[in-house]
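Q: Take this structure, written in structure tokens, and hold onto it; I'll ask about it next.
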Amino acid sequence: MARRKLIAGNWKMNGHLDHLRELHGIEKAARAHPQVDVAICPPATLIAAAVARVPGLAMGAQDCHSADKGAHTGCLAAPMLREAGAQYVIVGHSERRADQGETDEDVCGKAEAAHRHGLMAIVCVGETEEERDESRAEAVVTGQIAGSVPRDASADWLVVAYEPVWAIGTGRVPTLDDVSAMHAAIRSKLAETIGEEAQGVRILYGGSMNGDNAADLLAVPNVDGGLVGGASLSADKFVPIVEAGA
Ligand code: PEP
């Protein structure tokens, strides 16, 4: 099945208003390659300003609460992000699973909230180095899929990102064979979890993707795009990844 590639940038806790200047070059590349979906997930404080500045470029958030409103100081609800102009939301990033102790159940609730409010949910999964060394990577990741993906998910609103924790921000990348094996395992677990819809769900690779390795990673079967951290912070580094996806 043909799946449109998605190249999504995760700015994490980086960037102020002046950083939005980077979006012009990224928007230009997105317009030049309409066969690829491109999105940037800046800090939530910048989403509305980013949308005003480059209305043609899709924006996303980096997390949402599972509830639509309520007594949750400091949290952001999916309808708020939608109102700010977000079209996507990353849920279950390994940094949040580690720093905020988010469980698969939490992540599943967040993905459901995203869907209720018309956001595409990018559900992140990935093993630690220790889990890989102990040959548990596939069991861990498929377990995360089973626990984090809502049973009624469809390709219209679910994206999965496989991000080995040890590859994030380290410059280390799994072998292409390992990426291929994990993406195939994820596709097959998705099929068990949500049935036929699994064939249309995009599975992104994330972890030290850059302009030099993107073309090889994006050519691996079942790799339907990239979730890019560090290299998404500048147009110079991000645009070559968009081009590799085209
Ligand atoms: C990420 O944290 O989502 C990520 C992929 O980071 P980096 O590209 O910097 O490894």
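Each value in this text was obtained by applying a stated rule to the coordinates, not by laboratory testing. Fair warning: this is a prediction, and the values are worked out from it, not measured in the lab. In this analysis, Cβ positions are derived from the backbone assuming ideal geometry, glycine residues included, and neighbour counts consider all displayed protein chains.
Q: Suppose we filter 161, 121 for residues that are more than 15 Å from residue 223 (Cα to Cα), within 16 Å of the ligand (Cβ to nearest atom), assigned to a strand (DSSP E or B) and of a type in the set (A, V, I, L, M, F, W, C); which single one remains?
A: Criteria check complete, one pass: 121.
Q: Okay, next question. Do the conditions hold for residue 38, that is, is it in a strand (DSSP E or B) and among the hydrophobic types (A, V, I, L, M, F, W, C)?
A: Spelling it out, residue 38 is indeed in a strand (DSSP E or B) and among the hydrophobic types (A, V, I, L, M, F, W, C).
Q: Restricting attention to the range 195-240, which residues are more than 16 Å from the ligand (Cβ to nearest atom) and closer than 24 Å to residue 62 by Cβ?
A: 201
Q: Oh, and also: Which condition breaks for residue 83 when tested against (1) surrounded by fewer than 20 Cβ atoms within 10 Å (Cβ to Cβ); (2) part of a loop (DSSP other than H, G, I, E, B)?
A: Checking residue 83 against (1) surrounded by fewer than 20 Cβ atoms within 10 Å (Cβ to Cβ); (2) part of a loop (DSSP other than H, G, I, E, B), the one that fails is (2).
Q: From the list 116, 53, exactly one residue is among the charged types (D, E, K, R), within 29 Å of residue 242 (Cβ to Cβ) and over 18 Å from the mean Cα position of the chain (by Cα). Which is it?
A: After ruling out the rest, the residue left standing is 53.
Q: Taking residue 190, is it within 18 Å of the chain's Cα centre (by Cα), more than 16 Å from the ligand (Cβ to nearest atom) and either surrounded by 15 or more Cβ atoms within 10 Å (Cβ to Cβ) or under 18 Å from residue 92 (Cα atoms) (or both)?
A: Answer is yes for this residue.
Yes or no, residue by residue, for (1) surrounded by fewer than 22 Cβ atoms within 10 Å (Cβ to Cβ); (2) touching a helix residue (DSSP H, G or I) at 6+ places or on another chain (Cβ under 6 Å):
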residue: 126; (1), (2): no, yes
residue: 138; (1), (2): yes, yes
residue: 150; (1), (2): yes, yes
residue: 156; (1), (2): yes, no
residue: 161; (1), (2): no, no
residue: 171; (1), (2): yes, no
residue: 177; (1), (2): yes, no
residue: 180; (1), (2): yes, no
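Matching residues to (1) at positive phi; (2) β-branched (Val, Ile, Thr); (3) surrounded by fewer than 24 Cβ atoms within 10 Å (Cβ to Cβ):
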| residue | (1), (2), (3) |
| --- | --- |
| 71 | no, no, yes |
| 74 | yes, no, yes |
| 79 | no, no, yes |
| 96 | no, no, yes |
| 101 | yes, no, yes |
| 142 | no, yes, yes |
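Q: The conditions are (1) within 14 Å of the ligand (Cβ to nearest atom); (2) touching a strand residue (DSSP E or B) at 6+ places or on another chain (Cβ under 9 Å); (3) part of a helix (DSSP H, G or I), and residue 166 fails exactly one of them. Which is it?
A: (2)
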